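Participant: My structure is below; once you've seen it, I'll send some questions.
Derivation of every value follows stated rules applied to the coordinates shown; laboratory data play no part. Predicted model, so just to flag it, every value in this text is computed and none were measured. Cβ atoms come from the backbone with ideal geometry, glycine included; neighbour counts cover every protein chain shown.
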Amino acid sequence: MAQQHYRITLLRGDGIGPEIMAVAVDVLKAVGAQLDIGFEFTEALMGGAAIDATGEPLPADTLELCRHSDAVLLAAIGGYKWDNLPRHQRPETGLLGLRAGLGLFANLRPATILPQLIDASTLKREVVEGVDIMVVRELTGGIYFGQPRGIFTTETGEKRGVNTMAYTETEIDRIGRVAFETARKRKGKLCSVDKANVLEVSQLWRDRITQLAADYPDVELSHLYVDNAAMQLVRAPKQFDTIVTGNLFGDILSDAAAMLTGSIGMLPSASLGESNPGVFEPVHGSAPDIAGQDKANPLAQVLSAAMMLRYGLNQPTAAERIEQAVLKVLNQGYRTGDIMSPGMDLVGCRAIGDALIQAIELLNA
Ligand code: NAD
């Protein structure tokens, strides 16, 4: 029996999901065998695959299984086949149900430029070289959920659209703490992004984050207005380590930060709650255009497994091993089509998986 033992729910989903998940599971098993970490993997249905089998994108027993596991590893869901179903039956509705069902209020999106892939970025080498940012986005509050909301008719008969940006102290504190803890595991710098010069909700945000800082004297806190943050992200992204922000600003800034790297097949993410297990998944979708052809890049899925080890299971050494193996494979020149560049070796999803296992074995040698 391994020293530590974790129950992991696997949601392979649709499209390239099964191919990239197979690689991530092999990698986890390899690193687990080395470090005496045991994984008990249980598969469950979600997304299009679940709709076909049960009529629902997130069957109740899938959510139950997720709730009772230590972490959830999700690949990708969706595809053309299910695009025209009524909203409550669409694959994406399953994703929202999973987030709500597990109370996942913190979304962690890293944007790291790997030296081997610098040319994939649309920005100049000197601007992006060395970029390593983590965006911590609040996921279950703010303007996406605030009440009142709707399109109303005024007394003059004109239509008026309304959304409400609201945060309670409790909501700010819990995302703030995740962000400070995350910064602590990185370079110890946290930048909080708001619009406190205009919005009261942002003023409260800034006040609470500033108060929380007293509990984290080892973390250096700064504040930026969101307009300036957007400029700085594309002007001088290396100044950032960890960024924390609300739902709307985080939605926009995490995509902008991700695109500094230029390669969607490389980007992992983590969604965390208070006591429930976290969900770890690549940022990309199910890529139905290349599904079943052994063309998918499995590295975002593999790096999501590394995030699961670091942020979900507190196994940083295992996470590092996986990240080192990814760098090794890229150094060896192996590339899938999405990150291919001249002079490199074009290979498929399975071959990347084999190379990762070899790299992990060499780490132990
Ligand atoms: P997508 O991310 O699936 O694909 C966009 C492009 O990037 C495609 O050309 C695809 O081949 C490529 N790509 C994506 N991941 C790749 C990988 N790992 N390796 C190599 N190439 C990769 O986005 P889309 O085409 O807009 O959406 C396809 C389906 O995925 C839709 O049904 C959509 O709703 C769903 N989707 C799901 C998620 C999720 O599961 N979280 C996220 C986004 C989209």
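Participant: Using packing as a proxy for protection, rank 139-148, 339-348, 293-302 so that the peptide with the highest average count of other Cβ atoms within 10 Å comes first.
Facilitator: Top of the packing list down: 293-302, 139-148, 339-348.
Participant: Can you tell me the equivalent ellipsoid semi-axes for the stretch 82-204? Use √(5λ) from the Cα gyration tensor, largest first, whole Å. Before the final figure, lay out the partial values.
Facilitator: Numbers: eigenvalues 214, 97, 65 Å².
After diagonalising the Cα gyration tensor, the semi-axes are 33, 22, 18 Å.
Participant: Which of ALA355, ALA236, ALA318 ends up with the largest GNM mean-square fluctuation for the chain, with Cα atoms connected below 10 Å?
Facilitator: For the chain, modelled as a Gaussian network with Cα springs under 10 Å, the answer is ALA236.
Participant: How big is the chain along each principal axis, measuring the range of its Cα positions in Å and listing the largest first?
Facilitator: 67, 49, 45
Participant: By how many nm would the segment from LYS238 to ILE151 grow when fully extended, if each residue of separation counts as 0.36 nm and the alpha-carbon distance is taken off?
Facilitator: Value of the extension gain: 27.2 nm.
Participant: Out of the stretch 78-144, which trypsin sites (Lys or Arg not before Pro) are coil in DSSP terms and have no more than 14 other C-beta atoms within 10 Å? Mind dumping the intermediate values first?
Facilitator: Numbers: sites: LYS81, ARG87, ARG99, LYS124, ARG125, ARG137; in loops: LYS124.
For trypsin sites (Lys or Arg not before Pro) across the stretch 78-144 that sit outside H, G, I, E and B with at most 14 neighbouring Cβ atoms in 10 Å, the list reads LYS124.
Participant: Enumerate the whole-percent occupancy of each 10 Å bin, from 0 to the last occupied one, for all C-alpha pair distances of the stretch 132-259.
Facilitator: 13, 42, 30, 10, 4, 1
Participant: For the chain, what is the percent of antiparallel DSSP beta bridges, rounded to the nearest 5?
Facilitator: Once the DSSP bridges in the chain are tallied, antiparallel ones form about 40 percent.
Participant: When a footprinting reagent is the concern and you count Cβ atoms within 10 Å, what order do THR242, THR54 take, fewest first?
Facilitator: THR54, THR242
Participant: Over the stretch 132-259, what is the mean sequence separation of C-alpha contacts under 8 Å (at least six apart), divided by residue count, expressed as relative contact order in percent?
Facilitator: On the way: 211 pairs, mean separation 48.6, N = 128.
After rounding, I find 38 percent.
Participant: From Cα pairs below 8 angstrom and at least 6 apart in sequence, can you work out the relative contact order of the chain, rounded to a whole percent?
Facilitator: After rounding, I find 22 percent.
Participant: Can you grab the distance from the C-alpha centre of the stretch 102-135 to the C-alpha centre of the stretch 293-362, Å, no decimals?
Facilitator: One Cα centre to the other: 16 Å.
Participant: So which lysines can LYS238 reach, going by Cα to Cα under 28 Å and dropping same-chain residues fewer than 8 places off?
Facilitator: LYS124, LYS185, LYS187, LYS189, LYS195, LYS328
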